[in-house]
C-alpha cells in the first residue's frame, strides 16, 4: 500500500471572474423592507392561504405556491432562532473580538434574519432569548439602518 | 424495476491535500484503473458512464468531456451530474437508474475533486452570488457584521448555526462534538484511503481553536484531492461477472427550502431541522423493505463536513430517537465494533474530495458488506444492511442509499 507521489508537474495560473456576470433579480421584497427601514419599521408579506409572513418577502408563498402581496408590519424585536460566535474570519484567521452572529425570528414574522447581538457576554446567549433592534440615528433605507440587536 | 449491484470500487491510491504529480484527468484515471483491476473488467465491458464533481470548484467547464478518453468513454454515453455535496451519490444514483430501468447492464460511476487546483470559497460564493450582490447594494455589511444579513464565517458560519440549534434541541454538549471528532479521526487512521490519518484524542481536538463557536478547527473537514469509481450492474450480469456483490436496495433523494441561502426572500427553515433527511430515509427504507431501521441497519456512513453532523444525522435519518445519538456515542455504540458503527471510514470529516465524498459513503458500505475493506477499519460483525447518506445543496438536499448483502425481493 506504499504509494509514492511522482515529481511535481507544470502548473499554469488562470482566473474566472464571477463579478462579470449580469444577474437578473427582482428584489421587490428587499425594496419593501428597505423603504420601511427608512421609517424604522419592518415590513414583509403574508400568505393569505397559510398565514406565513416572510421578511424579506418573495413574490409567492414557498409553501402554498400562490402569489402573495398582502403587506404587513412586524415588530423590530423577536427571539434568537440560532446563533454562532465568530472567532475567525472567512479565511480562518483569528479576529480581534468575537462576534455573536444570530438568526433572529422577529415577532410577527415566520422568517429568520441575520444580525449581530451586542451588550451581552456570548456565554449567556441562548436560543429563544428575546432581543430588540438597535437602529442608527438617521436611517437611509438600507439594511445597515439596524446597527445590531441587544437583549430585551 | 431491475435489481442493481455494486460489484467493485476503485479509489485513487491516496486522498491528500495536493496531488502535484498528476493533473485532473490523470488523477481520475487512477481510480478508473483501480476499478477495472478490482473487478477484472475491461473498458469494453462498460455500457455507459456517469461522471460527477462540483461545478466551478476547479474553474473548469465540461470536465467529463476532457476526461472522456481517461474514463474509457469514447463512443459511449456519458452524462455529468452536479448536485453540490451530494454529487457523488447522485452520480451513483444516475448509474443505478440506468441499470434499474433496463437501459444498460454495466455502468461506471466516476466521481472526483481536485480541490488543490481550485478555490472552493469562490465556488460556494457562486451559489448565492446574485442574492449577495442585491444585499450588498442594499447596505449589507458582508463580513463586518453591522446591520442585517451579514454572514461571517462562510460555510463554517452556517454550519455553526446548525450545530448550535442541534445542541440546543438534542441536549448534547459541545464536548460530544469533540468526542465524535476524535472517534472518526481515529477510525480514519486505520483507513489507507482517508486523508487525515492520525489517531486523535478528545484532548487533541479540544486543543484546536474555535472558528465559530460551537465549532472548532478540529471539527472541520479537510479539502482533499482524490477520485472514487464504482461499477454497478444488473442482477443477471452480477451472476456472470462477479464473485461478490453489494446490492443497492433503496434509493432516495429530497430537497427542502434553502435553509441558509434565502437571503433576500426570507429563510423559513431551521438549519438543524433537516426534514429532507427523514423523508429520504423513510422512502429508502420502504423501498429496501426495512421495517425497523434501528434494528435492521447494521452500519451508517454519513456525510459530515462538520463533526456534529454525524450525531445529528443519526437522529434525522431515524437510526435513533431525537436526543439519543450522543448517548449512543457515550456508550460506545458508534465504535467500529459497536452496535451501530458510524463512519468507520472516518467520514467526510476526515476525507473530503467533495465530488467523491457522497460516493465514498455507499462505496465504503459496499466494501464493508463484501468484507473487502483494506486497512484496519473492517467492521467485525456481519453487515446485512448499511445506510449511506449524502448532504449538501444549500444545506437542504439529502441523498440516501440502502446497501445490502442480498438483492431486494420482488
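Results, tabulated for the structure shown:
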| item | result |
| --- | --- |
| Overall Cα dimensions of region A:25-151 - principal axes, largest extent first, Å | 45, 32, 29 |
| Chain lengthening between residue B:65 and residue B:244 when straightened (0.36 nm per residue, less Cα-Cα) | 61.3 nm |
| Taking the C-alpha atoms of region B:80-148, convex hull volume expressed per residue in Å³ | 125 |
| Helical contribution to [θ] at 222 nm, DSSP H n ≥ 4, -39,500 (n - 2.57), averaged over chain A, rounded to 500 | -2000 deg cm²/dmol |
| For region B:44-88, Kirkwood radius (reciprocal of mean inverse C-alpha pair distance, Å) | 11.1 |
| Amide N proximity, region B:159-176 versus residue A:98 label position 7 Å along Cα-to-Cβ, cut-off under 13 Å | B:174 |
| Contact order relative to length of region A:25-151, as percent, for alpha carbon pairs under 8 angstrom and 6 or more apart | 24 |
| For the protein assembly as shown: rounded, prolate or oblate by the Cα gyration tensor [a/c cutoff 1.5] | prolate |
| Kirkwood-type radius of region B:92-205, with distances r between different C-alpha atoms, in Å | 18.7 |
| Distance in nm between pseudo-label sites at residue B:327 and residue B:137 (7 Å out along the Cβ direction from Cα) | 5.2 |
| Considering only chain B, percent of DSSP beta bridges that pair antiparallel, nearest 5 | 75 |
| Distribution of pairwise C-alpha distances over chain B, 10 Å bins, in % | 5, 24, 34, 25, 10, 1, 0 |
| Helix-only [θ]222 nm of chain B, DSSP H runs n ≥ 4, -39500 (n - 2.57) each, per residue, nearest 500 | -11000 deg cm²/dmol |
| Residues B:110, A:85 arranged by fewest to most Cβ contacts within 10 Å | A:85, B:110 |
| Cα-based helix-to-principal-axis angle, B:24-39 vs chain B, degrees rounded to 10 | 50 |
| On Cα atoms only, tilt of A:28-37 relative to the major axis of chain A in degrees | 60 |
| Tilt relative to chain B, helix B:275-288 - C-alpha long axis, 0 to 90 degrees, to 10 | 20 |
| Among B:168, B:377, B:176: highest mean-square fluctuation, GNM of chain B, C-alpha pairs under 10 Å | B:168 |
| Rg/Rh ratio calculated on Cα atoms of region A:1-86 (Kirkwood radius) | 1.33 |
| Whole-Å distance, taken between Cα centres, linking region B:2-72 and region B:221-262 | 14 |
| Cβ crowding within 10 Å averaged over residues, with A:144-151, A:59-66, B:6-13, B:396-403 ranked highest first | B:396-403, B:6-13, A:144-151, A:59-66 |
| Relative contact order, percent, chain B [alpha-carbon distance under 8 Å, six or more residues apart] | 25 |
| Cα-Cα separations in region A:39-114 greater than 13 Å, expressed as whole percent | 68 |
| Where labels lie 7 Å past Cα in the beta-carbon direction, separation of residue B:47 and residue A:64 in nm | 4.8 |
| Kirkwood hydrodynamic radius of region B:172-319, Cα pairs, Å | 18.2 |
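Here, each number is a calculation from the coordinates, and none is a lab measurement. Nothing here was measured: the structure is a model prediction, and the numbers come from that model. All Cβ positions, glycine included, derive from the backbone under ideal geometry; neighbour counts span all protein chains shown.
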